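Before any comments, here is the structure.
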Amino acid sequence: MSRIYEYIHTSSEGHVGIISLNRPEVLNALNRTMIVEILSAMESFDQDENIRVILLSGNGRAFAAGADIQEMANDSAIDFELLDQFKNWDRIAAIKKPIIGAVQGFALGGGFELALCCDMVYAADDAEFGFPEVDLGVMPGAGGTQRLTKLVGKTKAMEWLFTGKRITSGEALHYGIVNRIFAKEILMEETLKAAAKIASQAPLSIRLIKESVLKAVDTTLNEGMHFERKNFYLLFSSEDQKEGMSAFREKRKPEFKGK
Amino acid sequence: MYETIKYEVINRVAWITLNRPDKLNAFTAQMNKDLKQSIKLASRSMEVRCIVLTGEGRGFCSGQDLAGVNEDMDHGEVLRALYNPMIMEIHQCEKPVIAAVNGVAAGAGMSLALACDFRLLSERASFVEAFIHVGLVPDAGNLYYLPKLIGHAKALELAIMGEKVSAFQAEELGLANKVYPEELWRDEVASYAERLASMPTAAISLIKKNLKSSWNITLEDSLEKDAQAQRIAGLTSDHKEGVNAFIEKRKPVFQGR
């Protein structure tokens with residue numbers, strides 16, 4: 001089930017659906033069509049029974065070096081409001097399966113925001129994150145001020161957003177923006193291993209864990225606890241729960257079906 | 001192409017020669033920039049597999065050109081804008097970098113030599129931590145590299161006392177990899193560099209990277225880095241060539257990939 005896209009490339013390996021941003025000649029600068037394509041690929045993977053984890057990467061030297069500036073340079077505020085392009089980003093945030101980012105080189109501006117949409121990020125040691133929007137007299141518009149702040153807290157977020165300063169892979173690891181760092185030569189291999197590992201877990205558990213964790217970012221503790229509890233109860237209506245617990249008792253490996 | 005340096009590639013070795021001999025190759029802002037640019041060029045150039053930094057004339061590099069220093073100068077900003085990016089360019093360079101020290105390396109000139117992977121000295125060469133003599137502090141990575149090369153106690157002595165270190169003293173301290181007689185020095189440097197340029201360049205790059213990172217990480221993290229580096233090296237054609245040559249009892253020919 002591979003569709004033809006203009007700016008991205010999709011493939012799959014086992015239960016992992018892979019989306020590669022594919023405009024290496026412009027360091028994968030994000031244009032509007034590309035975001036529509038990313039969303040479309042993610043939504044197809046989300047509905048594909050065979051896919052359990054989505055891996056998002058960039059072809060070439062960079063993950064994504066920002067948005068396509070030419071495309072928006074002459075837009076007015078009202079053009080933006082009418083177009084409502086950021087609703088696509090809300091739909092990316094609603095993807096139920098885990099999204100794992102593999103980031104090498106630049107993840108700047110919209111590219112950084114896309115990385116922040118991932119549930120986990122593996123980075124190459126040459127990865128550089130940053131929000132240079134301030135240098136252009138604008139600001140992030142696809143979640144940059146919100147997701148970065150939720151992730152690292154107000155003080156560092158302000159600093160990085162005010163200055164546009166680049167964040168090295170080491171800093172990104174320190175502040176919890178990325179999970180692990182690898183040499184760029186083996187980034188894809190290692191990210192695929194991690195994705196395959198998650199894809200081997202019970203798919204329903206993974207999806208409901210993702211939903212619950214995202215809830216925690218967004219709501220009060222009390223509400224989150226109730227939400228978590230409901231999802232916990234829900235899993236006890238699944239075949240995988242019975243399989244997982246029987247396998248544990250019988251000292252064998254479980255076989256999860258996602259049912 | 002450059003105002004203050006010469007750049008030439010001979011037998012896969014990029015020779016970068018500081019070229020202000022009448023000033024003992026003292027740093028100007030332009031030289032900081034030229035050096036950074038040329039190291040970047042050599043790092044990216046596919047044909048280059050080793051880099052040699054040396055000085056034209058009697059000196060290697062006598063440090064900052066004091067003619068350019070005035071009372072209004074913000075020394076910190078000069079370092080941030082000019083020296084630090086130059087040192088970082090060397091630090092991040094994946095290819096072996098030799099400081100071919102032909103004469104005096106003083107102040108930031110010594111820092112430059114310390115930032116390189118190898119120091120091959122002419123017997124006429126010397127190091128001077130000149131900073132203290134004008135009431136300043138060794139900079140441009142000097143205090144970072146020096147104790148790692150010669151230990152804390154000696155580093156402190158050199159940095160504070162500022163006494164001249166001769167080529168032979170430098171060799172005893174572990175500051176020089178080799179010291180050669182003046183008349184042989186250039187040929188010896190060339191053959192050392194060409195030998196490095198014929199080695200498995202990808203493996204050299206991984207060795208440099210992991211050795212440097214070993215300064216600030218735990219054994220556990222270092223073991224993981226070994227595993228990652230070995231996976232990468234294991235995929236190179238130079239590894240296959242090395243193994244094949246060993247089996248076939250011949251000399252390996254490495255392509256640097």
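Just so it is clear, none of the values below were taken in a lab; they were calculated from the coordinates. Since the model is a prediction, treat every value here as computed from it, not as a measurement. Because the Cβ atoms are built from the backbone with ideal geometry, glycine has one as well, and the counts that use them run over all protein chains shown.
Taking a quarter of the surface of the Cα convex hull of the protein assembly as shown, what do you get in nm²?
Approximately 32.1 nm², given one-decimal rounding.
Identify, among B:I247, B:A227, B:W215, the residue whose Cα sits farthest towards the positive end of the charge dipole of the stretch B:197-257, taking +1 on the Cβ of Lys and Arg and -1 on the Cβ of Asp and Glu, with the dipole about the Cα centre.
So the residue we want is B:I247.
Helix-only mean residue ellipticity at 222 nm, chain B, DSSP H runs n ≥ 4 weighted -39,500 (n - 2.57), per residue, nearest 500. What is it?
Mean residue ellipticity, 222 nm, calculated: -14000 deg cm²/dmol.
Relative contact order, percent, of chain A when contacts are C-alpha pairs under 8 Å separated by at least 6 residues?
Computed over chain A, the figure is 16 percent.
Under 15 Å from a label point 7 Å along Cα→Cβ of A:D48: give me every residue in the stretch A:90-107 with its amide N that close.
Answer for this model: A:96-100.
What does the charge add up to near B:D187, with Lys and Arg as +1, Asp and Glu as -1, over the other residues with Cβ less than 15 Å from its Cβ?
Values: positive: B:K178, B:R186, B:R195; negative: B:E123, B:E182, B:E183, B:E188, B:E194.
With Lys, Arg at +1 and Asp, Glu at -1, the neighbours total -2.
Rounded, prolate or oblate: pick one for the stretch B:201-247, where a ≥ b ≥ c are the square roots of the eigenvalues of its C-alpha gyration tensor, a/c under 1.5 means rounded, and failing that, prolate if a/b is larger than b/c, else oblate.
Judged from the Cα gyration tensor, the stretch B:201-247 comes out prolate (a/c at least 1.5, a/b above b/c).
Taking neighbour counts of Cβ atoms within 10 Å as a proxy for exposure, in what order, fewest first, do B:W215, B:W15 appear? Could the numbers behind the result be given before it?
Values: B:W215 8, B:W15 22.
Listed from fewest to most nearby Cβ atoms, that is B:W215, B:W15.
Please give, to one decimal in nm, the separation of the simple spin-label points placed at A:L221 and B:E248, each 7 Å out from Cα toward the Cβ.
The answer from the label model is 6.8 nm.
Sorting A:M225, B:M46, B:M110 on the 10 Å Cβ count, fewest up front, what's the list? Walk me through the numbers before you get to the answer.
Details: A:M225 13, B:M46 8, B:M110 31.
Neighbour counts put them in this order, fewest first: B:M46, A:M225, B:M110.
Listing A:H174, A:H15 from the residue with the fewest other Cβ atoms within 10 Å to the one with the most, what is the order? Please list the in-between numbers first.
Details: A:H174 13, A:H15 19.
The most exposed by this proxy come first: A:H174, A:H15.
Exposed loop GluC sites (Glu not before Pro) only (DSSP loop, at most 10 other Cβ atoms within 10 Å): please give the longest stretch of chain B free of them, not including the sites.
It works out to B:72-247.
To the nearest Å, what is the center-to-center distance of the stretch A:209-252 and the stretch B:103-136, using C-alpha atoms only?
Centre-to-centre (Cα) distance: 63 Å.
For B:Q169 and A:F162, what is the calculated FRET efficiency with R₀ set at 41 Å and r taken between the beta-carbons, to the nearest 0.05?
That gives a FRET efficiency of 0.25.
Using +1 at the Cβ of each Lys and Arg and -1 at the Cβ of each Asp and Glu in the protein assembly as shown, identify which of B:N19, A:A94, A:G109 lies farthest towards the dipole's positive end.
Value computed over the given set: A:A94.
Post the alpha-carbon centroid distance, the stretch A:123-148 to the stretch A:96-122, in whole angstrom.
Their Cα centres are 11 Å away from one another.
Short version: ³J(HN,Hα) in whole Hz for each residue of the stretch A:91-96, in order, from phi by Karplus 6.51 cos²θ - 1.76 cosθ + 1.60 (θ = phi - 60°), x for Gly and Pro, what are they?
Those phi angles translate into 6, 4, 5, 8, 5, 8 Hz.
Need the C-alpha centroid separation for the stretch B:159-207 versus the stretch A:1-52, integer Å.
Their Cα centres are 51 Å away from one another.
If the limit is 23 Å between Cα atoms, which of B:K40/B:K148; A:K156/B:K36; A:K96/A:K193; A:K96/A:K154; A:K197/A:K257 go over it?
Among B:K40/B:K148; A:K156/B:K36; A:K96/A:K193; A:K96/A:K154; A:K197/A:K257, the Cα-Cα distance tops 23 Å for B:K40/B:K148; A:K156/B:K36; A:K96/A:K154.
Residues with beta-carbon under 12 Å from that of B:K148, excluding B:K148: net charge, scoring Lys, Arg +1 and Asp, Glu -1? All intermediate terms of the calculation are to be shown ahead of the outcome.
Working: positive: B:K154, B:K212; negative: none.
Local net charge: +2.
Would you mind telling me which residue in A:I92, A:I69, A:I35 has the biggest mean-square fluctuation in a Gaussian network model of chain A, where springs connect alpha carbons within a distance under 10 angstrom?
A:I69
On a 0 to 90° scale, report how tilted helix A:239-249 is relative to the longest principal axis of chain A, with both axes built from alpha carbons and the result rounded to the nearest 10.
Once rounded, one gets 60 degrees.
Please give the helix A:203-218 orientation as an angle from the longest Cα principal axis of chain A, in degrees from 0 to 90, rounded to the nearest 10.
50
Once you put a point 7 Å from the Cα of B:N11 and another 7 Å from the Cα of A:N74, both along the Cβ direction, what distance in nm separates them?
Here the modelled spin labels are 5.9 nm apart.
Output the 0 to 90 degree angle, nearest 10, between the alpha-carbon long axis of helix A:221-235 and the longest principal axis computed from the alpha carbons of chain A.
Here the helix axis deviates by roughly 50 degrees.
About its Cα centre, what dipole magnitude does chain A give when the only charges are +1 on Lys and Arg Cβ and -1 on Asp and Glu Cβ, stated in debye to the nearest 20?
For chain A, the charge dipole is close to 1240 debye.
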